[in-house]
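Just so it is clear, none of the values below were taken in a lab; they were calculated from the coordinates. Predicted, not measured: the structure shown is a model, and the values here were computed from it. In this analysis, Cβ positions are derived from the backbone assuming ideal geometry, glycine residues included, and neighbour counts consider all displayed protein chains.
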Amino acid sequence: MKFSSARSLARSRLPLIAMLALTASMGIAGCENDGGAGPAGPGGGDTGQTGPTGPTGPADVPISLGGDVSNVGTGSTLTAQQIADIGTLVAQIDSAAITGNKSVIEITVKTDQGGAVLGLAATTLRLGVAKLVPAAGGFPSRWQSYINRSAAPSIPTPVLTSAVQANTESGVAAGWQELGAGKYRYTSAVDLSTVTTPIAVTYEPSLTHRISVAIDLSGSARALAPDNPFKDFVPSGGAVSSKLIAATENCQGCHVRFGEHGGPRRSNEYCAVCHNPATVDPDSGESVDLAYMAHSIHRGENRSKPFIVYGFNGTLFDAGEVTYPQPISFCETCHVKSASMPQGDDWKTNPGAAACGGCHDAGLNKTGPSTTTGLYAYTYTHSSTLLPPGFTPADGTCAGCHRADGVAGDSLASHQQDPDRQAIENGSLFTYKILGVDNAVAGQAPKVTFQILGTDGQPMDVKAITTGRLRLDFAWSTADIHNVADVAGDKYQASRGEATVIDLIANMASVVDNGNGTFNYTLAQALPAGFDDANLGKGLMVVLEGRRVMPDGSEAYPESAFAFGGGAPREQLVDQAKCETCHKRLALHGGSRAGDPIICTVCHNSSVGGTFGADAFGPLALGAFIHNLHASNVVPFGAVTYPQSLARCTGCHVDGKAYAARTSALPITVDAGTTLTNDAAALAWKDDLADSATAGTCKGCHTSAAAATHMQSQGGSFGVAKALVPSSAVEGCVFCHGPGRTFDTEKLHCDTLPYGQCTQ
């Protein structure tokens, strides 16, 4: 997730979540003769024959092919080519122990190709050490760092004069030893038995401890930081009590790869060592415990009070501008029990004000933080009318009511009452199908055969549906949808070139029951001449869409069905599964249109778009609109905090489909006038202004004047009179930016991304 201190920063989509806080050279001594000079050998001997040629010695292996990297130091002397060849560092903790009350670790650091990283400087190491305080008194277990500091505020009017913050140890040469082949040993300078300031932390060797590592290089090499290795162990021996509740890879579904605090903090397990309940921001007075902070950030603009914290030099981070792309009630997006995350479902059974209050902050109260522990004490004031007015239990007692057999039910049951979550889960109970599209020919009325399976998996009686919404959308041509009705008359079939939309509930008398669980609908009018044109192609696209209403009044957002007839299917450019990694389910227009983004093209096509009334939506053709939306350029929607780089085209696109527009792509309307009535102006297309298809889509991200000039120099156009001619006829983008070309689009975008965010 991302946030910023001002709307201008939010619109730039700078990375958010302030979470996640790692030489000796070898020589060989020569041998010396310690005796006097020996007698001269006999002279006159014959020279012996030349022996056979020995084997060729091994050539130096390039870094990019798994060769070692020497004299890495702090990384400041690595060249750009070396950094590119390394890709990223891969670090693992080979062993961890507490010896003489000090942490001792052995680590191996390699390149992503397997080459050893040699001569790494001790100062690149960041070492975190914490113990797991067991659950007690209704409170869950928590991490407590041994390395802490007293943080002074950085703004003129702070909430606290100081606050305890967990920290890491920076490596020192005295404890650093290079073992060869990329292996290192480090002995910490911190004596765990003598930690008294700024708070006392008792060394308890019988408890689970975590040692975690970051490697923080300098300059451009900082991007090489590896995922953070960690080791959980009990110093005195015995079974480890783990606390693993949110897998980093779950978070990376949206974020791709963390790079917090400049890059070296990449893994949740490392973050938790510092971002624990005893770490507080003195400026805002907010806890930056990982659970509370992450929940607060993702709640974003929907939190009753914005979550605001300050970084170094008073840098403001305002999570109140975060836009989260799915219902916040889906805790499972981050928290799933698995072999690697055995506590992944603890949220269901261990509710608490301190963690849950990040989202449910309206009733959260706190006192402190304690000068001896650094911890806040929380209570929660409930607003439910089913409880006594002002009911305010203390943290640690939440499970008394919030449990499976409690009066409030467990956390999962509570979250399943969220209407947005219900609509998505209910939607999975229905299946929409289009079984056939007949008579998809200009001059004929197309017939659609369809079916809806209900909650029991059996066909529903469609004619009995009277609530919710159920529609058929008709659009053409499938080469690039334009919905032109009469080529000679220069008009669209419907206002603005939208699809022909049939409300099946309102027209139920025209729906035919086939008696076998399937139903037919035949369009009342014939397909117009514009359906089949030598330049525009042919082919009908049909979408069955609409939300259902459940018996309890809740809604359901089923996935829409789509099918093609009379022509080739429209090319698939976007991967639904990729989009739903962040969005959970694409359910637009009140949930009526859900599922594969391709369904949106029946209306979000080349003909639709532009300056409706006072709202500057801009182009509504799907590619241009979605690029603009994720780049925060659609003014009525405001800033969108996109959680990864806009350059990562494969975040949405089918691999290999993020190049120039299709050869059949028509110019996209950017100004269709201001009238929304179904009159001559709304039906005419010749008075529209349009961008060429590739330039009009790419400008959503590439907004500079220089980019526009470049695109125009290669045949792109902006805001010119619309023509029904594929823009590829004049745009020359593919000659330089096509697959395998000098400036291959997907490769160029990948090259701008941090390592690990692209597969090119």
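For the pair ASP687 and ALA729, what calculated FRET efficiency results from E = 1/(1 + (r/R0)^6), where r is the Cβ-Cβ distance and R0 = 25 Å, to the nearest 0.05? Before the final figure, lay out each step's value.
Details: r = 22 Å, r/R0 = 0.87.
So the FRET efficiency works out to roughly 0.70.
Just add up the charged neighbours of LEU504: K/R +1, D/E -1, any other residue whose Cβ is under 15 Å from the Cβ of LEU504.
Local net charge: +3.
How would you rank 272-285, 212-225, highest first, on the average number of other Cβ atoms within 10 Å across their residues?
272-285, 212-225
So how do 138-148, 238-248, 196-206 stack up, highest first, on mean other-Cβ count within 10 Å? Mind dumping the intermediate values first?
On the way: 138-148: 21.4, 238-248: 17.0, 196-206: 14.5.
Per-residue Cβ counts within 10 Å, averaged per peptide and sorted highest first, yield 138-148, 238-248, 196-206.
Whole percent per 10 Å bin, from 0 to the bin with the longest distance: what is P(r) over all C-alpha pairs of the stretch 484-635?
So the P(r) values, bin by bin, are 9, 32, 37, 19, 3, 0.
MET508 to THR367: FRET efficiency via 1/(1 + (r/R0)^6), r the Cβ-Cβ distance, R0 60 Å, to the nearest 0.05? Let's see the in-between values first.
On the way: r = 61 Å, r/R0 = 1.02.
After rounding, the FRET efficiency stands at 0.45.
Express the C-alpha Rg of the stretch 606-760 as a ratio against the empirical globular expectation 2.2 N^0.38 Å, rounded to two decimals. Let's see the in-between values first.
Numbers: Rg = 16.0 Å, N = 155, 2.2 N^0.38 = 15.0 Å.
Taking N as the residue count of the stretch 606-760, the ratio is 1.07.
Mind ordering 477-487, 690-700, 153-163 by average Cβ neighbours within 10 Å, highest first? Spell out each step's value before the answer.
Working: 477-487: 22.8, 690-700: 26.5, 153-163: 14.6.
For the peptides 477-487, 690-700, 153-163, the packing ranking is 690-700, 477-487, 153-163.
Based only on the alpha carbon positions, what is the Kirkwood hydrodynamic radius of the stretch 211-342, in angstrom?
16.4
Rounded to two decimals, what is Rg over Rh for the chain when you use alpha-carbon atoms and the Kirkwood radius?
Details: Rg = 32.1 Å, Rh = 30.1 Å.
Across the chain, the Cα-based Rg/Rh ratio is 1.06.
Report the gain in length on full extension from SER242 to ALA404: 0.36 nm times residue separation, minus Cα-Cα distance, nm rounded to one decimal. Mind showing how you got there, number by number?
Values: separation 162, 0.36 × 162 = 58.32 nm, distance 2.37 nm.
Extending this stretch completely gives an extra 56.0 nm.
What does the net charge come to around GLY138 if you take all other residues with beta carbon closer than 13 Å to its beta carbon, with K and R at +1 and D and E at -1? Could you put the intermediate results ahead of the total?
Values: positive: ARG142, ARG403; negative: ASP395.
Overall, the nearby charge balance is +1.
Any idea how far apart THR202 and VAL336 come out in nm if each label point goes 7 Å out from Cα toward Cβ?
4.0
In nm, what is the difference between 0.36 nm times the number of residues separating ASP751 and VAL190 and their Cα-Cα distance? Kindly include the intermediate steps, with their values, before the conclusion.
On the way: separation 561, 0.36 × 561 = 201.96 nm, distance 4.11 nm.
Value of the extension gain: 197.8 nm.
For the stretch 184-236, what value does the Rg/Rh ratio take when both radii are computed over Cα atoms and Rh is the Kirkwood radius, given to two decimals?
Values: Rg = 14.8 Å, Rh = 13.7 Å.
The Rg/Rh ratio comes out at 1.08.
Take ARG149, project a point 7 Å from its Cα along the Cβ direction, then tell me which residues of the stretch 307-328 have their backbone nitrogen under 19 Å from it.
Only 309-317 fall inside the zone, counting backbone N under 19 Å.
Got the relative contact order for the stretch 471-565 handy, in percent, Cα pairs under 8 Å and 6 or more residues apart? Can you show the working numbers first?
Details: 159 pairs, mean separation 31.2, N = 95.
Here the relative contact order equals 33 percent.
Treat each spin label as a single point 7 Å out from the Cα along the C-beta direction, and report the CYS701 to PHE718 distance in nm.
Between CYS701 and PHE718, the label points sit 1.8 nm apart.
Tell me, what is the FRET efficiency for SER384 and THR455 to the nearest 0.05, using R0 = 35 angstrom and their Cβ-Cβ distance as r?
On the way: r = 30 Å, r/R0 = 0.86.
Efficiency, from the Cβ-Cβ distance: 0.70.
What are the trypsin sites (Lys or Arg not before Pro) within the stretch 622-668 that DSSP puts in a loop, where the Cβ has at most 12 other Cβ atoms within 10 Å? Walk me through the numbers before you get to the answer.
Details: sites: ARG648, LYS657, ARG662; in loops: ARG648, LYS657, ARG662.
In loop regions of the stretch 622-668 (DSSP not H, G, I, E or B), there are no sparsely surrounded trypsin sites (Lys or Arg not before Pro).
What 222 nm value per residue comes from the helices of the chain, counting each DSSP H run with n ≥ 4 as -39,500 (n - 2.57) and dividing by all residues, nearest 500 deg cm²/dmol? Before the final figure, lay out each step's value.
Numbers: 15 runs with 104 residues, N = 760.
About -3500 deg cm²/dmol.
Given contacts defined as C-alpha pairs under 8 Å and at least six residues apart, what's the relative contact order of the stretch 606-760, whole-number percent?
On the way: 270 pairs, mean separation 39.5, N = 155.
Relative contact order here is 26 percent.
Compute the orientation-averaged projected area for the stretch 297-394 from the convex hull of its Cα atoms and round it to one decimal in nm². Intermediate results must be reported in sequence, preceding the final value.
On the way: hull surface 36.2 nm².
Answer in nm², one decimal: 9.0.
Roughly how many whole Å is it from the C-alpha centroid of the stretch 203-245 to that of the stretch 432-470?
56
In nm, give the distance between the simple-model label positions of THR123 and VAL501, each being 7 Å from the Cα along the Cα-to-Cβ direction.
Distance between the two pseudo-spin positions: 6.3 nm.
Each residue of the stretch 473-490 in order: what ³J(HN,Hα) in whole Hz does its phi give by Karplus 6.51 cos²θ - 1.76 cosθ + 1.60, θ = phi - 60°, with x for Gly and Pro?
Here the 3J(HN,Hα) series is 10, 10, 8, 7, 8, 6, 4, 6, 5, 10, 6, 6, 8, 9, 4, 5, x, 6 Hz.
So which of LYS722/LYS747; LYS337/LYS747; LYS231/LYS348 end up more than 30 Å apart, counting from Cα to Cα? Walk me through the numbers on the way to the answer.
Details: LYS722/LYS747 32 Å; LYS337/LYS747 37 Å; LYS231/LYS348 26 Å.
Check vs 30 Å cut-off fails for LYS722/LYS747; LYS337/LYS747.
How much length would be gained if the chain were fully extended between ALA577 and PHE312, taking 0.36 nm per residue of separation minus their Cα-Cα distance, in nm to one decimal? Walk me through the numbers before you get to the answer.
Details: separation 265, 0.36 × 265 = 95.40 nm, distance 3.82 nm.
My answer for the length gained is 91.6 nm.
Run through the stretch 365-474 and list the chymotrypsin sites (Phe, Trp or Tyr not before Pro) located in a DSSP loop whose Cβ has at most 15 other Cβ atoms within 10 Å. Don't skip to the end; give the middle numbers.
Working: sites: TYR376, TYR378, TYR380, PHE391, PHE430, TYR432, PHE450, PHE474; in loops: TYR376, PHE391, PHE430.
Answer in residue order: PHE391.
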